[in-house]
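Chemist: This is the structure I want to talk about, given as C-alpha cells.
What follows draws every value from the coordinates through simple rules; no lab data is involved. Keep in mind the model is a prediction, meaning the values are calculated, not measured. With ideal geometry, Cβ positions are generated from the backbone for all residues, glycine too; neighbour counts draw on all protein chains shown.
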Amino acid sequence: MIRDLTTEELNMYYEKSAEQINTDSYYDPELFSKYNVKRGLRNEDGTGVVVGLTEIGDVQSYIMEGNKKIPHEGRLIYRGVDVYELGDACIKEDRFGFEECAYLLLFGDLPNKEQLSEFNNVLVHNRTLPDGFVRDIIMKASSTNIMNKLARSILVIYSYDPNPEDTSVKNLFRQSLEIIARIPLLAAYGYQAKSHYHDGNSMYIHRPRAELSTAENILCLSRPDCSYTHLEATTLDTALILHAEHGGGNNSTFTSHVVASTGTDIYSCIAAALGSLKGPKHGGANLKVMEMMDEFKHNIKNWNNDGEISDYLVKVFNKDAYDHSGLVYGLGHAVYTLSDPRCVLLKMKAKELAAYKGRSEEFQLYENVERLGPEVFNELRKTNKPMCANVDFYSGFVYDMLNIPMDLYTALFAISRAVGFCAHIIEENVNNNRIIRPAYKNVGERKEYTKLSERK
C-alpha cells in the first residue's frame, strides 16, 4: 500500500539505507595491490598511467637518470612554448595575453599581429548570448553553485546551435570560439542571478565591451560600477593564462577526452568537464586554501613567527586543526615536485598586487606557510619528499584581492580552462576513433538468485 511519507520518515529511511550501502560497498584496499590495479590511474611512484597522446600541453617535473626519477623544477608547455615565458613576456611588456594563449592552444602556433587581431575580432563577434537567453535561462531556476549553472547553460546553448551535432573540425572550431567567448558572460550573469535570488543582493547586468580584453570584461561584468585598474586586469589575465591548460591527464581534461571519444557533441563534453572541475580536489581547491588560511590568520598571533606557524602546521598535519583532514591545501601536487611554474608566476603578481592593495602582511603569511609547510611535513613523517606550493595556493588570495566573490573562483578556472577543453576535444576527434573504455576488476561475491517469496 502506497502512503505519503513525512520528511522525518524519509530522512530515517535514507540514513538507514546509507549505513547499509556504505557497509556493503566497502572492499579491502589491499585488493588494488592483489590485482595490480593502478588506483586513480596512477603508478606506484605517483606518475600517471599513460592512456593517450597529445600535442597540446606537457607537464614536466622530473628527469630520468636510468631508472631513477630525479625531481626537477616544474615546467608547463603549451604547444611547445613554455608558459612561463609567455606569461613573463606579457608581464614585462605590460599587455594582455590570454587571447594569444587561446590562439596558441587551438592552432598550435603563436599568432602574428594580424592573426591575433583577426582572432580577437571573431571572439568579440561571438561575445554575446542568444536573444532572451539571460532572461529565460540565466535568471530562471538560478543555482546556489555557479559551476552547476555554468554546465546547465552550456547544455542549453546546444538548443540555439543550428548545427550542434556536427563534429567536423570546422564546426568544432566555430563552436569552440563561441564557447570561449560566451563562458565569461555565463559565469558573470549566473553569479548575478545567484547573488540576487539566493543572497538578496542587487543585480547588475552589464554588456561586454568590444574594446576590452577577456580579463577586463570579467572585472567589468562582475562589478556594479564596471571599474577596475590596469594592474587588477593584468593580474587576472596572468591567472587566466596559467589556468588555460595542464596536459591531457588532469581529471577534467581527461573527462573531456573520454566523453568526446563517444562521438557526442561538444556541449556535452564541456558540461561533463565542468562537472569534474567543480570538485574540491580539482578546480575547487583554491576555496579550501582560502578557508584554511583564514584559520591560520585567526589562530596565529604573529604572522612572521616561524615557531608559531610551524606549531599550527603540526596541528593541521596531525588532523588536530582546520578540517581534520591532515592536509595543508595548496601544498604538494600530483605531478610537480620542486616547483609549480604556474605558482611561481602567479606569486609574482600576487606580491605586486598585495603591495598595491596594502595587504603585504597577508602575502608574507602565505609565503611563510609555503616555506615552512614542506619542512614541517618531512620532519613529522620522517621523509625528504619534495613538496612545492601549487597554483591554488595563491590563486584564491589573488581573486580575493581583486574583490571577486568566492562563488566565482572555480568559475574563473572554468573560463580559462575552457580553451584547453576545446583544444583537446578537437584533438580527440581528429586523431582517435576508438571509444575510451578501461576495465574494472570485479571483486564482488557470486550470489545465487532467490525467489521473492523465499527471501527473508
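Chemist: Suppose the chain between Glu454 and Asp94 were pulled fully straight at 0.36 nm per residue; how much longer would it get relative to their current alpha carbon spacing?
Modeler: Roughly 121.9 nm would be gained on extension.
Chemist: Run the numbers on the chain and let me know its relative contact order in percent, using alpha-carbon pairs under 8 Å that are six or more apart.
Modeler: Computed value for the chain: 21 percent relative contact order.
Chemist: Taking the mean number of other Cβ atoms within 10 Å as a proxy for protection, how do you rank 267-273, 205-211, 7-13 from highest to lowest?
Modeler: The peptides rank, most packed first, as 267-273, 205-211, 7-13.
Chemist: Let me ask something additional. Find out how many positive minus negative residues lie around Gly283, taking Lys and Arg as positive, Asp and Glu as negative, among other residues whose Cβ is under 12 Å from that of Gly283.
Modeler: +3
Chemist: Oh, and also: So, with +1 on the Cβ of K and R and -1 on the Cβ of D and E, and no other charges, what is the size of the charge dipole of the chain about its Cα centre, to the nearest 20 debye?
Modeler: In debye, rounded to 20, the chain gives about 1020.
Chemist: Here is a further query. Just name one of Thr337, Phe296, Val316: the one whose Cα is farthest towards the positive end of the charge dipole of region 285-401 (beta-carbon charges, Lys/Arg +1, Asp/Glu -1).
Modeler: The listed residue farthest towards the positive side: Thr337.
Chemist: Now, a different point. Under 14 Å from the Cβ of Ser222, count the other residues' Cβ atoms, weight Lys and Arg +1, Asp and Glu -1, and hand me the total.
Modeler: Residues near Ser222 contribute -1 overall.
Chemist: Here is a further query. For region 406-456, run through the GluC sites (Glu not before Pro) and keep only the ones in DSSP coil with at most 11 other Cβ atoms within 10 Å of their Cβ.
Modeler: For GluC sites (Glu not before Pro) across region 406-456 that sit outside H, G, I, E and B with at most 11 neighbouring Cβ atoms in 10 Å, the list reads Glu445, Glu448.
Chemist: What lysines sit close enough to Lys357 to cross-link, taking a C-alpha to C-alpha distance under 23 Å and skipping anything fewer than 8 places away on the same chain?
Modeler: Reachable lysines: Lys92, Lys288, Lys297, Lys301, Lys347, Lys349.
Chemist: Sort by residue number and name the cysteines in the chain that have no neighbouring cysteine Cβ under 4.7 Å.
Modeler: Among the cysteines of the chain, those whose Cβ sits 4.7 Å or more from every other are Cys90, Cys101, Cys269, Cys343, Cys388, Cys422.
Chemist: Using +1 at the Cβ of each Lys and Arg and -1 at the Cβ of each Asp and Glu in the chain, identify which of Tyr191, Tyr449, Ile241 lies farthest towards the dipole's positive end.
Modeler: The one lying farthest along the dipole's positive direction is Tyr449.
Chemist: Go through 245-252, 195-202 and give me the packing order, highest mean Cβ count within 10 Å leading.
Modeler: In decreasing order of mean packing, 245-252, 195-202 become 245-252, 195-202.
Chemist: Using the alpha carbon gyration tensor of the chain, what are the three equivalent-ellipsoid semi-axes (square root of 5 times each eigenvalue), largest first, in whole Å?
Modeler: 34, 31, 26
Chemist: Just check region 285-401 against the gyration tensor rule for me: Cα atoms, a ≥ b ≥ c as the square roots of the eigenvalues, rounded for a/c under 1.5, and otherwise prolate or oblate depending on whether a/b exceeds b/c.
Modeler: Because a/c hits 1.5 or more and a/b fails to exceed b/c, region 285-401 counts as oblate.
Chemist: So which chymotrypsin sites (Phe, Trp or Tyr not before Pro) in region 406-456 pass both tests, a DSSP loop state and at most 13 other Cβ atoms within 10 Å of the Cβ?
Modeler: The qualifying sites are Tyr440, Tyr449.
Chemist: Kindly write out, for region 155-168 in residue order, the coupling ³J(HN,Hα) from the Karplus curve 6.51 cos²θ - 1.76 cosθ + 1.60 (θ = phi - 60°), rounded to whole Hz, with x marking Gly and Pro.
Modeler: Coupling constants for region 155-168: 5, 5, 4, 3, 5, 9, 7, x, 9, x, 8, 6, 9, 5 Hz.
Chemist: Which is farthest toward the positive dipole end of region 1-105 among Ala102, Tyr13, Val50, measuring Cα position about the Cα centre, with Cβ charges +1 (Lys, Arg) and -1 (Asp, Glu)?
Modeler: Val50
Chemist: Just to be sure I understand the model, the point goes 7 Å from the Cα along the line to the Cβ. What's the resulting Lys170 to Val443 distance in nm?
Modeler: So the label points at Lys170 and Val443 sit 5.2 nm apart.
Chemist: Placing unit charges on C-beta atoms (Lys and Arg positive, Asp and Glu negative, everything else neutral), compute the dipole magnitude of region 285-401 about its Cα centre in debye, rounded to 20.
Modeler: 260 debye
Chemist: How charged is the neighbourhood of Glu375? Take every other residue with its Cβ under 14 Å from the Cβ of Glu375, and add Lys/Arg as +1 and Asp/Glu as -1.
Modeler: Net charge around Glu375: -1.
Chemist: For the peptides 341-349, 103-111, what is the packing order when you average, over each peptide's residues, the other Cβ atoms within 10 Å and list the highest mean first?
Modeler: 341-349, 103-111
Chemist: Are there GluC sites (Glu not before Pro) in region 76-178 that DSSP marks as loop and that have at most 10 other Cβ atoms within 10 Å, and which are they?
Modeler: Filter output for region 76-178: Glu93.
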